[in-house]
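Contents: one structure, followed by commentary.
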């Protein structure tokens, strides 16, 4: 295998279309360097640091492996599950000695099955192994949620601790499901349904005759049996964009969509009506994560990074059978500035006003620093709020309103009382000149004032992972769907600024009335 691979990847054994584990988060923000893992036969190798770093042999007789943050897990052919964390040394912890049939590591948890029995470990590698009271056909862990599909076709999900309190999402012949932040999507036969927010949220019918589906951020993708690929973004209401027909497989990642038409790989990025660009013919498997794309053709592994134009690097000349990409870690919060690249990495394409967004970032970062909006939870809650209030535009105005003190600016300052109080804070008469609330000079300072003074406990609510109470502080019209969207945006940003993992603790999405 070529050692000049220009991305973090993990090779898995398989054939046909993409054979990978569920999408994995980036490494935690602990100073850990990028990692590359490869399975050669049944032997796992990992390198850390630069692309020219030495490969370090990890384990042999490997059936499946996964990287997550600074953790590595392997399921061996004898059924033993080994996990280690930290450096690439030999210090494995044996989670189970001989009877594991599947596993997943994610967000500080280890889940594994022994036949139909599911067990979860939370926290330290030698933490208590907790049996989950459900008969399992398949499972997924995501943040503090656990989802289980039973052999009887029931979909059960719980959140919080590892206790026995399951919520029944559906009992009607569920055939597949996915958890993504606060969203749950599932098929009943070939009918696709999705819900957002709390576990008791109503499910919304999405599409019929669905062969495969995927969630990524606020996007939903559905591949139908006739080969039509449809994708939509935003809420869960109707609004599909038809991407292509004759599609045999696809993947969503942020603002990118990759799909196969036969064995030709195509990809697009940006808005849903963006032009697709042909990537490579004769593709048997592919993956895309961040700005990276990888394909396998006739055993050759090709990779590239950057835009979607030509520029492949041959990473393996003749022995690749499957590929998985793991995005490089983000350094996390802790007082760093927010860039346009950060915003698009979290939320995808932000529309035609990206130049306006970028123009305002210096003032916004200054206001965030002054307001101590400086850790992953606070930054994530603030950005999730601004995405929904103004889409990060300092000059945003409340659409369809003509009242003199209508919503303006980053946080949509509204009403004469707020304009009057904000005037005192910024030292300018916004009552006489309300348009100044949407100016580059005052918009970010007003947002800081509202967040830290007018609603002085908002940072504390963010620290408690209580997006519901953050939303109450913001004070928009009561709307459970918007609550769910804001909470999903919070979790997406929180995962990003927390180094690819959601922190320990329950995330509350429910706004008190």
Note on region 335-455: contact order normalised by length, alpha-carbon pairs under 8 Å, 6 or more apart, percent, works out to 22
Evaluated over region 301-455, the Cα radius of gyration and Dmax, each in Å
20.2, 72
Here, residue 309 and residue 506, labelled 7 Å along Cα→Cβ, have an inter-label distance in nm of 5.2
So what is the diffusion coefficient of region 59-281 in µm² per second by Stokes-Einstein at 25 °C and 0.890 mPa s, using a Kirkwood Rh over Cα pairs?
129
R0 = 41 Å: FRET efficiency of residue 276 with residue 101, Cβ-based, nearest 0.05?
0.60
Residues 451, 193 arranged by fewest to most Cβ contacts within 10 Å:
193, 451
Can you give the FRET efficiency to the nearest 0.05 for residue 124 and residue 208, using r as the Cβ-Cβ distance and R₀ = 56 Å?
0.80
List, largest first, the extents of the alpha carbons of region 361-404 along their principal axes, each in whole Å.
37, 18, 15
List the relative contact order of the chain as a percent without decimals, with contacts defined as Cα pairs under 8 Å and 6+ residues apart.
13
Could you give the angle, 0 to 90 degrees to the nearest 10, between helix 354-370's Cα long axis and the longest principal axis of the Cα atoms of the chain?
80
Apply 1/(1 + (r/R0)^6) to the Cβ-Cβ distance of residue 87 and residue 341, taking R0 = 22 Å, and write down the FRET efficiency to the nearest 0.05.
0.15
Note: region 446-490 at 37 °C, 0.692 mPa s; Kirkwood Rh on alpha carbon pairs; Stokes-Einstein D in µm²/s works out to 305
Just to be sure I follow: if Rg is taken over the C-alpha atoms of region 406-495 and Rh is the Kirkwood radius over the same atoms, what is Rg/Rh?
1.00
Relative to the longest principal axis of the chain, what angle (0 to 90°, nearest 10) does the C-alpha long axis of helix 416-426 take?
80
Neighbouring Cβ atoms within 10 Å as the yardstick, rank 428, 259 fewest first.
428, 259
What number results when the radius of gyration of region 119-206, computed over Cα atoms, is divided by 2.2 N^0.38 Å?
1.08
Using Cα atoms only, what is the angle between the long axis of helix 376-390 and the major principal axis of the chain, expressed in degrees (0 to 90) to the nearest 10?
60
So for the chain, what percent of the C-alpha to C-alpha distances run longer than 43 Å?
17
Strictly greater than 22 Å: what percent of every Cα pair in region 228-362 meets that?
45
Given the convex hull over the Cα atoms of region 188-241, what projected area results after averaging over all orientations, in nm²?
3.7
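Where a number appears in this text, it was derived from the coordinates with a stated rule and is not lab data. Quick caveat, the model's predicted, so the values are computed rather than measured. Note: ideal-geometry Cβ built from the backbone for every residue, glycine included; neighbour counts use all protein chains shown.
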